[in-house]
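The structure appears right after this line, and notes come after that.
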Amino acid sequence: MKREISSGKLNKYTKEDNAMIIMDLKIDNFFAFKEFHMNMAYPKKIVNSYIPNEHLWGRDNFRYKKVNILMGGNATGKTSIGKMLMAICNFIERDDMHGLLDRITDVNRDATISMDFVGDEFVMYRLDIKVKLSDKNETTPQIVACKREVFINEKDRYETCAQKIDQIPLEYKENYRDEIDEIEPIGWMFTYPSDTSDKRAKFPDDASFVKVLDYTLRSLDPSIIQVDKSKEVNNTYIIHLDSGDLLVQNGEVIRKNILSSGTKAGIDIASLIFSIYKGECGFYYCDEKFSYIHSELEKAFLATMIHGLKNNEQLFFTTHNSDILDLPLPKHSFTFLKKEMCDREQFIKCVYASDYLKRSTDSVRRAVDNDLFSIAPGVELVYKIAEIEEFAQEEG
């Protein structure tokens, strides 16, 4: 069963009882991505890791990054990666090609995607998608796809499986649905920054969700006394405050101006945490839901999400909060996105903390503070604002 919750102009989709682990992603000519590549494998087992079982269950050598913290400056693609992954998932499960077509940057050249991923079984897929102009010189793009797969043997690593797939010819099929139909069902959940006023959500009919929502909202707003589920109205929750009660009905907060932006975001956060602890989806993408929330609370919620992850599950978490670097996560959990210029073209690149920091005593926080990864935003133009001559002339 799939639950759909609208979230502003975006959608948040979930699919129960199916999993997905993304191992490798290549994107070209979608959004601002040009020859973009991100990999979610890591080579060496971490002893006494804060994150247990960072490998495919039953395949100890098949290691994957269970928690992926994406950080970087503005416009470096953190949200766009999530949108692309959601479009790929909807293409696989719903035959929704519009999510891909709407994200093409240059319609005069091919746009391509290649994604390695694992589902419930010991099978690794590589799905290659190409969007190209019709051979008949029409303006309508044509989508072709190629699905390749290998069985993951007991001693296999991701790298050995990728090499096996490399040996299978890449043959795009015009009838891409035949390729996609052979992929086992996958599960996912995406949540993005949104205004609760635009939301219509079907909340879980589960007593434990009431507790999650209650604890979440009271953590974010001490003036909230308690959160209850309405016994009279379906899909409605009551937020009790000293100043009066508020209703969360069909995902919308009535008299929403009473609550802060952070507290309203807490409704989505509670849904995500509940889904993680229930093991509904397997794959979770949480994009900057904590912009209005105190740093210590963000760290606590992230730690709670990580604690709830089960075997063969994966979390992507985007943030600007450098205090997240203080969490005792493996160094391979941190991926930094940055833009690089090459012949007047911009390319978004991934910088992996584990490529630079090899010793157990190395500090990711110290490396970022010293700009070891060259990801600090340029502030020169900001300071130039104070030097604009017209200001001085006006004053004169």
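The values are calculated or read from the model by the stated rules, or taken from the named source; none is laboratory data. The structure presented is a predicted model; accordingly, all values stated were derived computationally and were not measured. Reconstructed Cβ throughout: ideal geometry from the backbone, glycine too, with neighbour counts over all protein chains shown. Note: accessible area is taken over every heavy atom of the protein model, side chains too, but ligands, DNA and RNA are not part of it. Shrake-Rupley method; radii C 1.70, N 1.55, O 1.52, S 1.80 Å.
Look through the range 201-220, keep the residues that are within 13 Å of THR236 (Cβ to Cβ) and open to solvent by 20 Å² or more (accessible area, probe 1.4 Å), and return whichever of them is modelled with the highest pLDDT.
Among residues in the range 201-220 that are within 13 Å of THR236 (Cβ to Cβ) and open to solvent by 20 Å² or more (accessible area, probe 1.4 Å), the one modelled with the highest pLDDT is VAL210.
Can you say whether VAL368 is farther than 30 Å from GLY58 by Cβ, part of a strand (DSSP E or B) and modelled with pLDDT of 95 or more, as far as the supplied structure shows?
No: the conditions fail for VAL368.
Filter the range 26-50 down to the residues that are β-branched (Val, Ile, Thr) and at pLDDT below 95, then identify the one that is least open to solvent (accessible area, probe 1.4 Å).
Ranking the qualifying residues of the range 26-50, first place goes to ILE46.
Run down LYS349, LYS339, LYS310, LYS264 and say which single residue is among the basic types (Lys, Arg), crowded, with 21+ Cβ neighbours inside 10 Å and in contact (Cβ under 8 Å) with a residue 12 or more places away in the chain.
After applying the criteria, what remains is LYS264.
Please find, among ASN74, ASN68, the residue that is within 23 Å of LYS339 (Cβ to Cβ), assigned to a strand (DSSP E or B) and under 19 Å from the mean Cα position of the chain (by Cα).
ASN68
Consider the range 318-360. How many of its residues are of a type in the set (Val, Ile, Thr) and in a strand (DSSP E or B)?
So the answer is 4.
Please go through the range 76-116 and give me each residue that is among the basic types (Lys, Arg) and within 21 Å of PHE316 (Cβ to Cβ), ordered by number.
LYS78, LYS83, ARG94, ARG103
When the range 1-25 is examined, which residues are found to be in a loop (DSSP other than H, G, I, E, B) and modelled with pLDDT of 65 or more?
Passing the criteria: ASN18, ALA19, MET20.
Name, by its number, the condition in (1) open to solvent by less than 20 Å² (accessible area, probe 1.4 Å); (2) part of a helix (DSSP H, G or I); (3) within 23 Å of ILE51 (Cβ to Cβ); (4) not aromatic (Phe, Trp, Tyr) that does not hold for LYS289.
All conditions pass for LYS289, except number (2).
Residue check: is GLN142 in contact with a Ser or Thr (Cβ under 6 Å, 6 or more places away or on another chain), farther than 16 Å from ILE27 by Cα and open to solvent by 30 Å² or more (accessible area, probe 1.4 Å)?
yes
When the range 244-274 is examined, which residues are found to be assigned to a helix (DSSP H, G or I) and at pLDDT below 80?
LYS256, ASN257, ILE258, listed by residue number.
If a residue has to be in a strand (DSSP E or B) and either at pLDDT below 90 or among the basic types (Lys, Arg) (or both) to count, how many in the range 143-187 make the cut?
Number of matching residues: 3.
Hey, could you check the range 221-233 for residues that are hydrophobic (A, V, I, L, M, F, W, C) and closer than 16 Å to PRO204 by Cα and say which is most open to solvent (accessible area, probe 1.4 Å)?
Checked the range 221-233; the qualifying residue most open to solvent (accessible area, probe 1.4 Å) is VAL233.
Out of curiosity, is ILE385 of a type in the set (Val, Ile, Thr) and at pLDDT below 95?
So ILE385 passes the test.
Could you tell me whether LYS83 is surrounded by 19 or more Cβ atoms within 10 Å (Cβ to Cβ), in contact (Cβ under 8 Å) with a residue 12 or more places away in the chain, among the charged types (D, E, K, R) and within 22 Å of PHE301 (Cβ to Cβ)?
Answer is no for this residue.
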